[in-house]
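The values are calculated or read from the model by the stated rules, or taken from the named source; none is laboratory data. Predicted model, so just to flag it, every value in this text is computed and none were measured. Positions of Cβ are backbone-derived with ideal geometry, glycine not excepted, and every protein chain shown enters the neighbour counts.
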Amino acid sequence: MRLLSLLLSLLASLTLSAKEYDVRGPQGGLSYKISLPEGFDPQKDRCTMVILMHGIFSSKDYNPMPAIAKGLAEAGIASIRFDFNGHGKSEGRMQDMTIEKEIADAMAIYEYVKRLPYVSKIGFLGHSQGGVIASMTAGRLAESGREVPVGMVLIAPGAVIKEACQGGKFFNARFDPKDPPEFIRCWGFMKLGREYLLSTQELDIYGTASAYKGDVLILHGTKDSIVPLWCSERYKETYGSRAELVLVDGENHTITRRRAEVVNRVVKLWL
């Protein structure tokens, strides 16, 4: 009897866990947080919602996402930040992550947001690798003739991942780009799989991104030691007059030195 009780309890726990994820990507459930403006009533009010996309080896709860969500809410703009597959509290393994899977995650969140009755418009924001995902997702939406974001912010967009994989050096990990191992370890504990290392070499990042014709704000810290400035400069060339590139003096990759300035610039795009 006790064994039956334990089995029923375990089944209930598994069922509850499955229900916690109402948005799912290729690797399973996606964990997310929605931030609404103070006093906002979802039953009668409507507002813009910005989808926030974090970088590789990061999460929805790491710099600069919480501060951006807070700043948007204070300006009357909603946001949803989520963990990509294999990151944070989302399901899946980091080792199985690829750019295409992350684009699918972003698309799943986008479809979820579109169904929210209080959302009037949707914006995109991506940091580091999340900037690549935001730009390519917006491009895919445009290519398919679907509704595109009303504006997009790219913070230190990490398009250098393609060159890193082609060159066989990703952060401190080295490998044969033509025949990478099953996985590599960055800093000894972050695993990137063979599929990521090979598929990233073939990405048409800027070509896909160019299909998006909306307004783009590109922010890049002058002290960023992770993503080189040429990534943002090439995005600016890709978007042309539709984009503004702003260099944030003294700012680093994780946006910890002049965070208030960065947040203020982000908010202004959707005011």
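Things to note:
- Looking across the stretch 165-174, the residues that are surrounded by 19 or more Cβ atoms within 10 Å (Cβ to Cβ) and either within 28 Å of GLU237 (Cα to Cα) or in contact (Cβ under 8 Å) with a residue 40 or more places away in the chain (or both) come down to CYS165, PHE170.
- Count - residues of the stretch 41-69 that are assigned to a helix (DSSP H, G or I), buried (at least 24 other Cβ atoms within 10 Å of the Cβ) and either free of Cβ contacts under 8 Å to residues at least 24 places away in the same chain or among the small types (Gly, Ala, Ser) (or both): 1
- For first residues located in the stretch 110-121 and modelled with pLDDT of 95 or more, partners that are among the aliphatic types (A, V, I, L, M) and in a helix (DSSP H, G or I) and lie 6+ apart or on another chain with Cβ distances below 6 Å form the pairs VAL119/VAL113.
- Those residues of the stretch 198-229 which are without any contact (Cβ under 8 Å) to a residue 40 or more places away in the chain and closer than 16 Å to ALA164 by Cβ, in sequence order: LEU198, GLN201, GLU202, SER225, LEU229
- All positions within the stretch 111-129 that are over 10 Å from the mean Cα position of the chain (by Cα) and either outside any strand (DSSP E or B) or polar (S, T, N, Q) (or both): GLU111, TYR112, VAL113, LYS114, ARG115, LEU116, PRO117, TYR118, SER120
- Test: residue in the stretch 175-192 that is surrounded by fewer than 16 Cβ atoms within 10 Å (Cβ to Cβ), out of contact with any strand residue (DSSP E or B) (no Cβ under 9 Å at 6 or more places or on another chain) and closer than 22 Å to GLU143 by Cβ: no
- Number of residues in the stretch 246-259 that are among the aliphatic types (A, V, I, L, M) and within 17 Å of LEU52 (Cα to Cα) equals 1.
- Applying the criterion of at least 1 residues that are in contact with an Asp or Glu (Cβ under 9 Å, 6 or more places away or on another chain) and of a type in the set (Asp, Glu) to the helices (runs of 4 or more DSSP H) found wholly in the stretch 183-271 leaves 194-199, 259-269.
- When MET97 is tested against (1) closer than 25 Å to PRO37 by Cα; (2) crowded, with 18+ Cβ neighbours inside 10 Å; (3) among the hydrophobic types (A, V, I, L, M, F, W, C), exactly one condition is not met: (1).
- THR15 at pLDDT 95 or above, over 25 Å from GLY158 (Cβ atoms) and outside any loop (DSSP other than H, G, I, E, B): no
- Residue among VAL132, VAL150 that alone is modelled with pLDDT of 95 or more, surrounded by 15 or more Cβ atoms within 10 Å (Cβ to Cβ), under 20 Å from the mean Cα position of the chain (by Cα) and part of a loop (DSSP other than H, G, I, E, B): VAL150
- Qualifying residue in the stretch 163-175 (condition: assigned to a helix (DSSP H, G or I) and within 20 Å of ARG93 (Cα to Cα)): yes
- The set of residues in the stretch 243-271 being more than 19 Å from the chain's Cα centre (by Cα) and closer than 11 Å to THR222 by Cβ consists of VAL246, LEU247, VAL248, ASP249, GLY250, GLU251, ARG257, ARG258.
- Answer residue from the stretch 71-110, given it is of a type outside the set (Ser, Thr, Tyr) and in a strand (DSSP E or B) and is farthest from LEU141 (Cα to Cα) among those: ALA78
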